[in-house]
Ligand code: BTN
């Protein structure tokens, strides 16, 4: 059930704000699905061209990174997957995740910068590799999934969930502290406008990648990372590595200096700040 105080968004309201040429070429909005990423993947396997956007008001089996579930109360979040068919090297697959996190970062920053009620500089940042944080709490996550044949892409799905209009109490019990855009802005968020902005930023970043402009995308992402320069612990699923976060390599790996002074590269994992 969608709470009565939330305005459902529609493909028409989204299309009215969308200024893209590829992303959103076709839009599907579902009241309830298993996972939008799964629907996008099925469409891709059936030959759907890139640009398809699948949105849901509710997911029954929403998935997060590292095999986790993604919890989102129905009707108040942005739950979206975009089907893409990249032409750049599959070795650069991580750049899709970077592009999606930057698209949400830019859109969130714009929301806060344009909010007249809020004084001061908004604290919007990316936690390596791709969690979007506002005031240190998670508001959005990204799950990019790809399929390849031999050395080429079949397709990629960039999936993201944004906590738009909800009371953070509805997210109690999550492993890491979470919040929502409406709670931090102290005002409801127009999901159609927000999603239209995210999709156009994503398209622009995707076009940069398709034309080989990885350097500027990497530099913008690295500058938005709150992780660099801090003492952190990274759990890569096997072990926890503690150290100083030094930099991100061109392939997206986080480089730490561990306590014995050695540089350690981590390609995937969860970062926690050290006190
Ligand atoms: C994470 O932070 O762990 C990533 C969460 C990604 C959630 C989104 S919601 C839309 C899309 N469909 C899914 O099943 N997952 C992604």
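Nothing in this text is a laboratory measurement; each read-out follows from the coordinates by a stated rule. Everything quoted here is computed from the prediction, not taken from an experiment. Ideal geometry is used to build each Cβ from the backbone, glycine not excepted, and the neighbour counts take in all protein chains shown.
Taking every alpha-carbon pair under 8 Å whose residues sit at least 6 apart, the range 60-187 reaches a relative contact order of 29 percent.
The range 83-116 and the range 244-275 have Cα centres spaced 22 Å apart. Take every pair of alpha-carbon atoms less than 8 Å apart whose residues are at least six positions apart; their mean separation over the length of the chain yields a relative contact order of 18 percent. For the chain, the Kirkwood estimate of the hydrodynamic radius, built from every pair of different alpha carbons, is 19.1 Å. Rounded to the nearest 500, the 222 nm mean residue ellipticity of the chain from helices alone is -8500 deg cm²/dmol, with -39,500 (n - 2.57) taken per DSSP H run of at least 4 residues.
Listing 179, 10 from fewest to most neighbouring C-beta atoms within 10 Å gives 10, 179.
Name all residues of the range 42-76 having a backbone nitrogen under 15 Å from the label point set 7 Å from the Cα of residue 32 along its Cα→Cβ direction, giving them as ranges. Once the point is set 7 Å along Cα→Cβ of residue 32, 56-62, 72-76 turn out to lie under 15 Å by backbone N, inside the range 42-76.
Put in line by how crowded their Cβ is, counting other Cβ atoms within 10 Å and starting with the fewest, 138, 127 read 138, 127.
By other beta-carbon atoms within 10 Å, ranking 15, 264 with the fewest at the front produces 15, 264.
Mean silhouette area of the range 160-275, derived from the convex hull of its C-alpha atoms and averaged over all directions, reads 9.3 nm².
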